[in-house]
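Undergrad: Structure provided below as structure tokens; questions to follow.
The values are calculated or read from the model by the stated rules, or taken from the named source; none is laboratory data. Note that the structure is a prediction, hence the values are computed from the model and not measured. Because the Cβ atoms are built from the backbone with ideal geometry, glycine has one as well, and the counts that use them run over all protein chains shown. Side chains included, ligands, DNA and RNA excluded: accessible areas come from the protein's heavy atoms. Shrake-Rupley method; radii C 1.70, N 1.55, O 1.52, S 1.80 Å.
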2 protein chains.
Amino acid sequence: MAESMQGLHRSCRCAELSEANIGQTVTLMGWVQKRRNLGSLIFVDLRDRSGLMQILFDEKIVGSEGFARAGGVRSEYVLAVTGRVQKREAAINENLKTGSIELAAESIRVLSESEVPPFPIEDGIKTKDELRLKYRYLDLRRPEMQKNLILRSQVTNLIRKYMAEDGFLEIETPMLQKSTPEGARDYLVPSRVHPGSFYALPQSPQLFKQLLMVSGFDRYFQIARCFRDEDLRADRQPEFTQVDLEMSFVDMEDVLETTSRLLRNVFRDAIGVEIPDPIPRMTWQEAMERFGSDKPDTRFGMELIDVSDVVADCGFSVFTSALASKGTVRGINVRGQGDMGRKKIDKLVDLAKACGAKGLAYIQCRSDDTVKSSFSKFMSEEKMSDLIKAMDAQAGDLLLFTADRFKTAVEVLGQIRLTLARELELIPEDQFNFLWVVDFPAFEWSDEQNRFLAMHHPFTMPYEEDLDKLESGDLSSIRSKAYDIVLNGVELGGGSIRIHQDDIQERMFKALGFSLEEARDRFGFLLTAFEYGVPPHAGLAFGLDRMIMLMTSADSIRDVIAFPKVKDASDLMTQAPGPVDDKQLEELYLKTLSDGQEKIKE
Amino acid sequence: MAESMQGLHRSCRCAELSEANIGQTVTLMGWVQKRRNLGSLIFVDLRDRSGLMQILFDEKIVGSEGFARAGGVRSEYVLAVTGRVQKREAAINENLKTGSIELAAESIRVLSESEVPPFPIEDGIKTKDELRLKYRYLDLRRPEMQKNLILRSQVTNLIRKYMAEDGFLEIETPMLQKSTPEGARDYLVPSRVHPGSFYALPQSPQLFKQLLMVSGFDRYFQIARCFRDEDLRADRQPEFTQVDLEMSFVDMEDVLETTSRLLRNVFRDAIGVEIPDPIPRMTWQEAMERFGSDKPDTRFGMELIDVSDVVADCGFSVFTSALASKGTVRGINVRGQGDMGRKKIDKLVDLAKACGAKGLAYIQCRSDDTVKSSFSKFMSEEKMSDLIKAMDAQAGDLLLFTADRFKTAVEVLGQIRLTLARELELIPEDQFNFLWVVDFPAFEWSDEQNRFLAMHHPFTMPYEEDLDKLESGDLSSIRSKAYDIVLNGVELGGGSIRIHQDDIQERMFKALGFSLEEARDRFGFLLTAFEYGVPPHAGLAFGLDRMIMLMTSADSIRDVIAFPKVKDASDLMTQAPGPVDDKQLEELYLKTLSDGQEKIKE
């Protein structure tokens, strides 16, 4: 039977007590972590957000009724215990904040009883995710989950503190927006007042933050919930949180400096990690050349090497024909793996093919000084030796090569580099390697649409010195003032300088192949807004969930979100989404095609 | 033609300059407030978020090209101006922060031109709301709108600062929730993965915050976006923001103190208003008796007086029959209005009827010492004189009476009191009268359903000393540990102590007329969660939009929200909600009944 706490007042949290409190009478309230009966004594570890406190029940002190009550408590009962803080006589626990003290109970109330929980409330449990999520309220009691969400709260506090100090205003933008055909799939919200019309939940506050710059707010930020109705991957949720900012009257340097300062301050204050000042920068071109990725993990080497010159006339047709069609040949040196077995190498070849390569060439520089290669019969020994030298290989190294057009050649090797680094455990776990990737191409060729698309979005400012190329047709070489912030190979976020000059915007639209009228159809009120005095402005957004995941070394983004959804976008605890009354749908002028796919095909 | 800001760096904002900067060369960027040509000089007031700065263009300093450029600028052009700060020679403006200095321009760039704005960018405009909202980005440039949103940002910063200091964790709860039949109408979000299923946008984080207490987070808060699909009134928006908190191991006193401290700190820091400590409290009963409202405006008197005893056997059947059916007779004294004309009094009678009264009785104590009353012929002069005395009336006072069952009698007079106070301008505008209204009835009789309903919600804890009445059937007299925070007659928010004891919860459900099984159907996973050790907990939420509206004395809640919606829940700027592609609906297994009501009737 549960008791009231009337008349009681909690003195502090469990682990807020220390030896300084010895002799004081206090009241603690919390959950029973465990109970042990030791001869004529009962010990209970009481748990709350702060940690544990050992409670000693001695019948001589707590009385027979209290002692009986203590004897009946089980794991996860909620207790209120009043008693005196004393030094532990035995079993001092060095691993516990409060390990040298205990509370000698004088009275006890059982505020709430508990069923046996479906899994133990402790760290490192092997419980299936489904069960943890169904009983999320119990999963969240575990210290590691508490730690994650407490850190998350501290981090958002710090972000807000430093943003305010830097003159940013936090301004809320609408959640019920207009649906646009651009970008990912929107979550829709049917309107009751306007039959057949829908709101969309925001994929980002992009348009509104640019409008706030037009409004003269100068510096905007928001920790904003965003939504994408896409099939989920491990690090994605249908709703996610991003730190979103926009600044007026700035150039790229200001945005990068402001964001770097924020990240440095937050990482230092929250987890005691010093981020270098300045945060290293790399152009997109360099990142692709050296790491085969626009979000390189720089915590380890195994960089890509351009061997096109070396193999220019080598006789191996895979290499030479790639070069002949303006492609490239790249390699990586996997140190110490020269004796890798055939099966493992075959798996790497399969991976390369899965990533889009036609194949993967290799040279094994074995530790017995012999050389085995997938292409030795096509190449002279001298050329082979030149290639090995160019790759700086020693006996015991494995060399892997791709030959393809630039993007495929480097990206496939980049993928293999990452896979091998994980398998070979080459990645130092305690490092936080931030990196700015800058100067992205403004345009990206779409094989599918057979035309150039804007890589970022059509409001992204190209470099002034590249503007002439907008008309010359050499769109692929135009660099834009776009930037990504990368942490340990994860793209945290990015942004760009926006075009504020109408003439440049017009040339940009033209290069993308649509007229000002078409642009107006697509971007409507933003272009109208820009006619009334738009300041130069720029912005950036980065994912909060991902950042907290990296800060806490959590296995999954779900471990840093209080109530996450699973892969099919459902909530296992509340059973959302669920059916609704017909009346609700009637009010929205909607009908569900209950047989789904079938009905639609009719 | 717009120019680039390349190579320029803004030194500071316009009104961040002062006489201390005289002699310095600075670069300012902002919008043209106005341009005046004065002989051979051009003056431009440049505006940004901080305020205005006067720019002086003298051809001798800025050169002929710059002078020509300055001559061409119009309102809302965006300029970058570099020049030297100097003391104004004439036209010192005392009303302006920077009124004694000016910038002597040495160079000027036009960063962006502007069309003529559809309304002037200044305070106190009479422009129609529709136009202001269509061009919201221009409306937001006006100083009063800037001030409102800057204050809002400061207030949320302060709230977060003080909540963190008090040990509250900000934890994000899901936006994509399960729809429940309780409460107001949900906004629904169709699921693509689960055909025929829907999420609901949260009306409040209520369930999740209680689950966070079950999880042991101890103190939760969130500045949370909430949604209600209800027809809009002046002070309502389809999406609104509330400050939401929940605490474990506390009683009512803790919640009231914590919230009071927060409000005191925020009002002091944000707008320099000292709120009394403690904030006054009033029981619901007292609030109804004295002010005829559960959210009394205590900035003025005109309190209700119970004259039931005085008129107990007065002969006026309207009064006596009300008393006979356990009703009551109440009056207010409208001082100085004894000579009110018949038309005005008739309007008050109409108002009383519109509010649910059968009528409104009155006595005019005219300034010429005569007395006129709607019921004089039914009452002896002696009784009449007793009544006037009981109402403490003087010559020149107007006395208004209702006779009805308690709730109607006092609420109608409460409405009339408010209406008269506004009309007679009795309300001091510069006061912030906070008030806690406590001890709400736990149950409320529903004529419609012919049964008692929970006034707050069925998890609200009744007073321990009233618990026995749960079974005695005298439900109307059970007081609950529920509380509202009221500011100037506006209900900012409220909350309650939650029931954490399963036996009391069961008795509560029983009193409300449903079994534990039915309760489980309705409240599902929350009741399950409560089986695993639930701490005593309590919480509260208050509306941020309303509070900022009162702090800024804004006319409408729309003036403190960056991008609000209008009465039909549409956004006049973006035209949301809007139509979507058939393909989008197909993916959601939905069909709109395009002819609306018609189709549904088929």
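Undergrad: With the structure loaded, tell me whether B:Glu89 is loosely packed, with under 14 Cβ neighbours inside 10 Å, outside the structural domain of B:Lys34 (by TED's automatic domain parsing), among the charged types (D, E, K, R) and in contact with a strand residue (DSSP E or B) (Cβ under 9 Å, 6 or more places away or on another chain) or whether it fails that test.
TA: Against the criterion (loosely packed, with under 14 Cβ neighbours inside 10 Å, outside the structural domain of B:Lys34 (by TED's automatic domain parsing), among the charged types (D, E, K, R) and in contact with a strand residue (DSSP E or B) (Cβ under 9 Å, 6 or more places away or on another chain)), B:Glu89 does not qualify.
Undergrad: Condition (residue is without any contact (Cβ under 8 Å) to a residue 40 or more places away in the chain and away from chain B (no Cβ under 14 Å)) applied to the range A:80-87: is it met by at least one residue?
TA: no
Undergrad: Being more than 20 Å from A:Leu512 (Cβ to Cβ) and either in a strand (DSSP E or B) or of a type in the set (Gly, Ala, Ser) (or both), is that true of even one residue in the range A:420-431?
TA: Within the range A:420-431, one or more residues are more than 20 Å from A:Leu512 (Cβ to Cβ) and either in a strand (DSSP E or B) or of a type in the set (Gly, Ala, Ser) (or both).
Undergrad: Any chance you could count how many residues in the range B:558-575 are open to solvent by 30 Å² or more (accessible area, probe 1.4 Å) and more than 23 Å from the chain's Cα centre (by Cα)?
TA: 1
Undergrad: Could you list, in sequence order, all residues of the range A:460-487 that are within 14 Å of chain B (Cβ to nearest Cβ) and under 19 Å from A:Val250 (Cα atoms)?
TA: A:Met461, A:Pro462, A:Tyr463, A:Glu464, A:Glu465, A:Lys481
Undergrad: Pairs, please: C-beta under 6 Å, at least 6 apart or cross-chain, first residue assigned to a loop (DSSP other than H, G, I, E, B) and in the range A:309-320, second of a type in the set (Val, Ile, Thr) and crowded, with 22+ Cβ neighbours inside 10 Å?
TA: These pairs meet every condition: A:Val311/A:Val329.
Undergrad: Against the definition (facing chain B (nearest Cβ under 7 Å), open to solvent by less than 40 Å² (accessible area, probe 1.4 Å) and under 23 Å from B:Thr528 (Cα atoms)), how does A:Arg160 come out, yes or no?
TA: Considered against the rule, which asks whether it is facing chain B (nearest Cβ under 7 Å), open to solvent by less than 40 Å² (accessible area, probe 1.4 Å) and under 23 Å from B:Thr528 (Cα atoms), A:Arg160 comes out as no.
Undergrad: What are the pairs, 6+ residues apart or on separate chains, where a residue within the range B:98-113 that is open to solvent by 20 Å² or more (accessible area, probe 1.4 Å) has its Cβ under 7 Å from a residue that is among the hydroxyl-bearing types (Ser, Thr, Tyr)?
TA: If the second residue must be among the hydroxyl-bearing types (Ser, Thr, Tyr), the pairs left are B:Glu106/B:Thr82; B:Ser107/B:Thr82; B:Glu113/B:Tyr77.
Undergrad: In addition: Could you identify the single residue in A:Thr173, A:Thr180 that is more than 7 Å from chain B (Cβ to nearest Cβ), surrounded by fewer than 23 Cβ atoms within 10 Å (Cβ to Cβ) and within 21 Å of B:Pro238 (Cα to Cα)?
TA: Being more than 7 Å from chain B (Cβ to nearest Cβ), surrounded by fewer than 23 Cβ atoms within 10 Å (Cβ to Cβ) and within 21 Å of B:Pro238 (Cα to Cα) holds for just one of A:Thr173, A:Thr180, which is A:Thr180.
Undergrad: Please find, within the range A:439-479, the residue that is most open to solvent (accessible area, probe 1.4 Å) out of those that are assigned to a loop (DSSP other than H, G, I, E, B) and charged (D, E, K, R).
TA: Checked the range A:439-479; the qualifying residue most open to solvent (accessible area, probe 1.4 Å) is A:Glu448.
Undergrad: Also, quick follow-up: From B:Val273, B:Val243, B:Val266, which residue is assigned to a loop (DSSP other than H, G, I, E, B) and either more than 16 Å from the chain's Cα centre (by Cα) or buried (at least 22 other Cβ atoms within 10 Å of the Cβ) (or both)?
TA: B:Val273
Undergrad: Also, I was wondering about something else. Does A:Ala354 meet the test of being of a type in the set (Gly, Ala, Ser) and crowded, with 21+ Cβ neighbours inside 10 Å?
TA: The answer is no for A:Ala354.
Undergrad: Suppose we keep only residues that are at the interface with chain A (Cβ under 8 Å from one of its Cβ atoms) and farther than 19 Å from B:Leu540 by Cβ within the range B:216-230. Which one would you say is surrounded by the most Cβ atoms within 10 Å (Cβ to Cβ)?
TA: Result: B:Gly216.
Undergrad: Taking A:Val255, is it within 14 Å of chain B (Cβ to nearest Cβ), part of a helix (DSSP H, G or I), of a type in the set (A, V, I, L, M) and touching a strand residue (DSSP E or B) at 6+ places or on another chain (Cβ under 7 Å)?
TA: Against the criterion (within 14 Å of chain B (Cβ to nearest Cβ), part of a helix (DSSP H, G or I), of a type in the set (A, V, I, L, M) and touching a strand residue (DSSP E or B) at 6+ places or on another chain (Cβ under 7 Å)), A:Val255 qualifies.
Undergrad: Scan the range A:409-438 residue by residue and report those that are in contact (Cβ under 8 Å) with a residue 60 or more places away in the chain, open to solvent by 20 Å² or more (accessible area, probe 1.4 Å) and farther than 24 Å from A:Arg261 by Cα.
TA: A:Glu411, A:Gln415, A:Leu418, A:Thr419, A:Leu424, A:Leu426, A:Ile427, A:Pro428
Undergrad: Would you be able to say whether some residue in the range A:76-85 is open to solvent by 30 Å² or more (accessible area, probe 1.4 Å), among the basic types (Lys, Arg) and in contact with a helix residue (DSSP H, G or I) (Cβ under 9 Å, 6 or more places away or on another chain)?
TA: Checked the range A:76-85: at least one residue is open to solvent by 30 Å² or more (accessible area, probe 1.4 Å), among the basic types (Lys, Arg) and in contact with a helix residue (DSSP H, G or I) (Cβ under 9 Å, 6 or more places away or on another chain).
Undergrad: Is at least one residue of the range B:498-505 of a type in the set (A, V, I, L, M, F, W, C), more than 8 Å from chain A (Cβ to nearest Cβ), outside any helix (DSSP H, G or I) and open to solvent by less than 30 Å² (accessible area, probe 1.4 Å)?
TA: Looking for residues that are of a type in the set (A, V, I, L, M, F, W, C), more than 8 Å from chain A (Cβ to nearest Cβ), outside any helix (DSSP H, G or I) and open to solvent by less than 30 Å² (accessible area, probe 1.4 Å), one finds at least one in the range B:498-505, hence yes.
Undergrad: Taking the range B:8-35 only, how many residues are more than 22 Å from A:His537 (Cα to Cα) and of a type outside the set (Ser, Thr, Tyr)?
TA: 9
Undergrad: When you go through A:Met53, A:Met29 one by one, which is the residue that is open to solvent by less than 10 Å² (accessible area, probe 1.4 Å), within 10 Å of chain B (Cβ to nearest Cβ) and either under 45 Å from the mean Cα position of the chain (by Cα) or free of Cβ contacts under 8 Å to residues at least 24 places away in the same chain (or both)?
TA: That would be A:Met29, the only listed residue that is open to solvent by less than 10 Å² (accessible area, probe 1.4 Å), within 10 Å of chain B (Cβ to nearest Cβ) and either under 45 Å from the mean Cα position of the chain (by Cα) or free of Cβ contacts under 8 Å to residues at least 24 places away in the same chain (or both).
Undergrad: Here are B:Ile42, B:Ile61, B:Ile22: which of them is at negative phi, open to solvent by less than 50 Å² (accessible area, probe 1.4 Å), more than 12 Å from chain A (Cβ to nearest Cβ) and touching a residue at least 24 places away in the same chain (Cβ under 8 Å)?
TA: Just one listed residue meets the conditions, B:Ile42.
Undergrad: Is one or more of the residues making up the range B:542-557 assigned to a loop (DSSP other than H, G, I, E, B), open to solvent by 20 Å² or more (accessible area, probe 1.4 Å), facing another protein chain (nearest Cβ under 10 Å) and not aromatic (Phe, Trp, Tyr)?
TA: Within the range B:542-557, none of the residues are assigned to a loop (DSSP other than H, G, I, E, B), open to solvent by 20 Å² or more (accessible area, probe 1.4 Å), facing another protein chain (nearest Cβ under 10 Å) and not aromatic (Phe, Trp, Tyr).
Undergrad: If you don't mind, another one. Given (1) assigned to a helix (DSSP H, G or I); (2) open to solvent by less than 30 Å² (accessible area, probe 1.4 Å); (3) closer than 17 Å to B:Leu387 by Cα, where does B:Val349 come up short, assuming only one miss?
TA: (3)
Undergrad: Can you tell me which residues in the range B:388-405 are more than 23 Å from B:Ser325 (Cβ to Cβ), of a type outside the set (S, T, N, Q) and in a loop (DSSP other than H, G, I, E, B)?
TA: B:Met391, B:Asp392, B:Ala393, B:Ala395, B:Gly396, B:Asp397
Undergrad: Let me ask another. Please verify whether the range A:125-148 includes one or more residues that are hydroxyl-bearing (Ser, Thr, Tyr), more than 10 Å from every other protein chain (Cβ to nearest Cβ) and without any contact (Cβ under 8 Å) to a residue 24 or more places away in the chain.
TA: yes
Undergrad: Still on this structure, I have one more. A:Gly578 is checked against (1) within 10 Å of chain B (Cβ to nearest Cβ); (2) open to solvent by 10 Å² or more (accessible area, probe 1.4 Å) and fails just one. What number does that condition carry?
TA: (2)
Undergrad: For the range A:184-211, which positions are farther than 29 Å from A:Asp571 by Cβ, modelled with pLDDT of 95 or more and either more than 7 Å from every other protein chain (Cβ to nearest Cβ) or open to solvent by 10 Å² or more (accessible area, probe 1.4 Å) (or both)?
TA: A:Lys209, A:Gln210
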